[in-house]
Amino acid sequence: MGEIEQRPTPGSRLGAPENSGISTLEHGQKPPPTPSGKLMSIKIQMLDDTQEAFEVPQRAPGKVLLDAVCNHLNLVEGDYFGLEFPDHKKITVWLDLLKPIVKQIRRPKHVVVKFVVKFFPPDHTQLQEELTRYLFALQVKQDLAQGRLACNDNSAALLISHIVQSEIGDFDEASDREHLAKNKYIPQQDALEDKIVEFHHNHIGQTPAESDFQLLEIARKLEMYGVRLHPAKDREGTKINLAVANTGILVFQGFTKINAFNWAKVRKLSFKRKRFLIKLRPDVNSSYQDTLEFLMASRDFCKSFWKICVEHHAFFRLFEEPKPKPKPVLFSRGSSFRFSGRTQKQVLDYVKEGGHKKVQFERKHSKIHSIRSLATQPSEPNSEVPKQAQQSVSLTLGEGSEPPGGQSCPQGGDLTAASAEDAERQRGPGPSRSPAGSAKGDGASGAAAEEDEELVKDRPQQSRPRPPQPSTGSLTGSPHLSELSINSQGGTAPTNAILSPNLSPDTKQASPLVSPLLNDQAGPRAEDEDDGRRKRFPTDKAYFIAKEVSTTERTYLKDLEVITSWFQSTVSKEDSMPETLKSLIFPNFEPLHKFHTNFLKEIEQRLALWEGRSNAHIRGDYQRIGDVMLKNIQGMKQLAAHLWKHSEALEALETGIRGSRRLESLCRDFELQKVCYLPLNTFLLRPLHRLMHYKQVLERLCKHYPPSHSDFRDCRAALAEITEMVAQLHGTMIKMENFQKLHELKKDLIGVDNLVIPGREFIRLGSLSKLSGKGLQQRMFFLFNDVLLYTSRGLTASNQFKVHGQLPLYGMTMEESEEEWGVPHCLTLRGQRQSIVVAASSRPEMDKWVEDIQMAIDLAEKSSGPAPEFLASSPPDNSPGPGGISQDAEGPLWLSEAPHRGNTMVHVCWHRNTSVSMVDFSVAVENQLSGNLLRKFKNSNGWQKLWVVFTNFCLFFYKSHQDNHPLASLPLLGYSLTIPSESEDIHKDYVFKLHFKSHVYYFRAESEYTFERWMEVIRSATSSASRAHAPSHKESHVY
């Protein structure tokens, strides 16, 4: 008496040791004493539809029953699960783990308690155990059958195909159809049978564990994954459904999500009778009221949903279980309910400690048995996440994490739809891309290897069928290519995929952005190399990610040398910089340069071993990069003191320039040198930016590797280290980026002396047309959080912009006025002293300005008062600007021929008649890339190999990576990025096309991964001019 009845478990039948690590206890903690007393039998329905009876004391809390079920299953990660049952009012509720069972289940003999998934994590890779993923897969299967996991036909067929693979194994059409006839996984399954069989054919060789993993990969991206709907009404009486997820509270109409309230935005949750109340934190950008009210069917329904919300918030947001409230002395007010059990963080930490042993388990519906390791030593964290099958129809969305802003997913959340259709196209006949292994990487051992580097073999593509693409790095799975024509030969890209720029009218005047090197008439060409000389790359995507570290590290070292070598040499020749400033800048950069020189050597040596160019007999031990990254990132932490000094050095340099004409002249002259291809102060921030790049690379590696891979552990440890460093420097990066941008803009402006003041934030700059007595005049606008400036380009040698007027944002109003003035995309801005009418070049451009100006007005209203006057402001804009709408900057910039500061982003926006925001600049900081590309002109035959660096919305071209300065640059704002159509006769793999008016350039990458990366980063620049809805100003600095 007093003990739970001991029943043989699957683990004990197989001879496994008893599992004393009860799921809801910390590592090493003993179970609480079980209350003595009369036992009662409770029937539990498992996720595989079997029923088990458990004997527990009547006075035992619900936690005892849940622990008994988890022990019976040998389930370590039992905290994700719960027990639900219908109460006496037939409302399905969760078993409270703290209350006695007898007070909750009144008639246990007549009630079947269901063991189901309660908490759905945002990423299924957080589930460490194969058994846990199997149970989650059973939950998905159950939700499909019950109609709770709503999705389109393609998604449903793809999900069922993985279930079938898990249950009966590899494809056999007769067995498939017989199995589907006996098992109904979804209503109206017969209509989907052909699609299910077709998809199942792609999963040959996939184990049940891999099928579970793929099933969860697809399901987690569906909008209804893990959602339990609770009927309610809003204040207007409209019928809606409420739900709670790991991210917060969701609002649905039918199966369509219409709103979401993130936990970070929710200040308080409460209920009063039938009213469920959400109190939000104040937000200047939100149109919602402070408190939202929803009406539910009854108080019991309302309280049940409130409890679920409290538990989800605690499980996903808290680090540890909340402490119980002290009991009131006289009377209590409100509910005493609290979350009981471990939080998700505690679960992850416990499993990572390896304080458990893995055991076998049986898949009830599967003909294939799953064997889990019985090893006694602790396993690696996440060691059982299966490697994704090469032939599976995967939904991996490229290297990034989730697709931004729904860019790559259809409305309604069915991310599988496009991927399933892509899979059908992949299996059909058509030209194919060469596998990644058919190309050779750039050498890691010096210039000779660089000069001998050759790219992808030329192959006839007309007659070969396209094989199914691997699940990782697939072109059709990439969010960055989802809108483009994937075939390098087949068909013209759809019109809506062309990222068309906002162009100024053509003029006969010569453009300052035309490069002889990038014109078809000039420059040497390297014809296609002999195919017989080609050497193959390793085919693993991880190799190309590691190679990206190498190529970008080369560029980073060159950027450090701009400070440690070139600038220091210039400063040493003249006595214009104070010694205190020298000691602040150079001693904090030289250790970094020395460290990263050694880091680059280690990476290149590892790549040489990986490629098999030396020590080929031990090659298998060196096909990884995580250990090198981990070692060097830990070394970087020793240099953190130098990184902290860089912001101070930037501020000190700008202060010194402001106080010394000689220093100002020296820095201006240094920026004229070709080696200083970016503003000087940008190089001072490069070390902070580089930390972010390491973090992105490691995130891509961790996404690519299955947790069982030997390199995964080191990569994840390195990612944790670099994430910590980035978090520590996050505030400094935000402050310094804004500081650097203000000083950069100051150099482009005439007529304003105190642009850089504490509290001022840059928001957007760009070209708009201002309506005056002489018609529309092109003006350059600069938007800050307190003032809007408008300028025209001066006729000085430096091409600076002269301030014509300023509009304080405090008290400003804005309205669209197309009908009033008869001008498309027209706005009227009414300040306290002046009103102006402006017109954008397109509707998306106008929408961006409207959004940012309104945000800036709101920020100004919250500030202490009107903006300070500029010390030197020009008279009102009552004279025509120089030349009205200026000539268009069509071609690239030839650096040696451009006037000083004629290639800044301000000038590019002026010539291309577009705008850029601080959001775009922050994205540009993250999206930097370098490597070899082959380049071809529209009417030429040969391909020329160039070393290309992408940064600051611009491609910089070098003859080789050893060159100290670029030969030319190509600003990408306004350019369209597409893939060549068949009519363009480009019979090569991995080719993308850049075009602007009559200027067309083709670029060819060495592998599928590098092709996708170039497409990704270039699209970030070309689409910045056409992205209608950017993140908010405050979100722009989230790294």
Quick query: amide H of L977 versus all other amide H atoms, modeled in the peptide plane; which residues come in under 5 Å with a sequence gap of 5 or more or a different chain? L499
Kindly report, to the nearest 10 Å², the accessible surface of V244 as traced by a 1.4 Å probe over protein heavy atoms only. 10 Å²
Here segment 751-863 gives, from Cα atoms, an Rg and Dmax in Å of 13.9, 41
Go through K558/K741; K63/K345; K279/K352 and tell me which ones have a Cα-Cα distance over 31 Å in this structure. K279/K352
Starting from the coordinates of the alpha-carbon atoms of segment 928-1020, obtain the Kirkwood hydrodynamic radius over all distinct pairs and give the value in Å to one decimal. 13.5 Å
Give the carbon-plus-sulfur fraction of the accessible surface of segment 928-1020 in %, rounded to a whole number; probe 1.4 Å, heavy atoms of protein chains only. 42 percent
Cβ-Cβ cut-off under 14 Å around D234, Lys and Arg +1, Asp and Glu -1: the net charge is +3
List the pairs from K265/K862; K141/K239; K601/K936; K89/K272; K848/K993 whose alpha-carbon separation is above 21 Å, in the order I gave them. K141/K239; K601/K936; K848/K993
Let me understand segment 39-118 better: what is its radius of gyration from the alpha carbons, and its Dmax, in angstrom? 11.4, 33
Order these peptides, 731-744, 547-560, by their mean beta-carbon neighbour count within 10 angstrom, highest first. 547-560, 731-744
Taking 800-810, 974-984 and ranking on average Cβ neighbours within 10 Å, highest first, one gets 800-810, 974-984
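The values are calculated or read from the model by the stated rules, or taken from the named source; none is laboratory data. From a predicted model like this one, the values you see are computed outputs, not experimental measurements. For neighbour counting, all protein chains shown are included, and Cβ atoms are generated from backbone atoms with ideal geometry for every residue, glycine included. All accessible areas refer to the heavy atoms of the entire protein, side chains included, with ligands and DNA or RNA removed. Shrake-Rupley method; radii C 1.70, N 1.55, O 1.52, S 1.80 Å.
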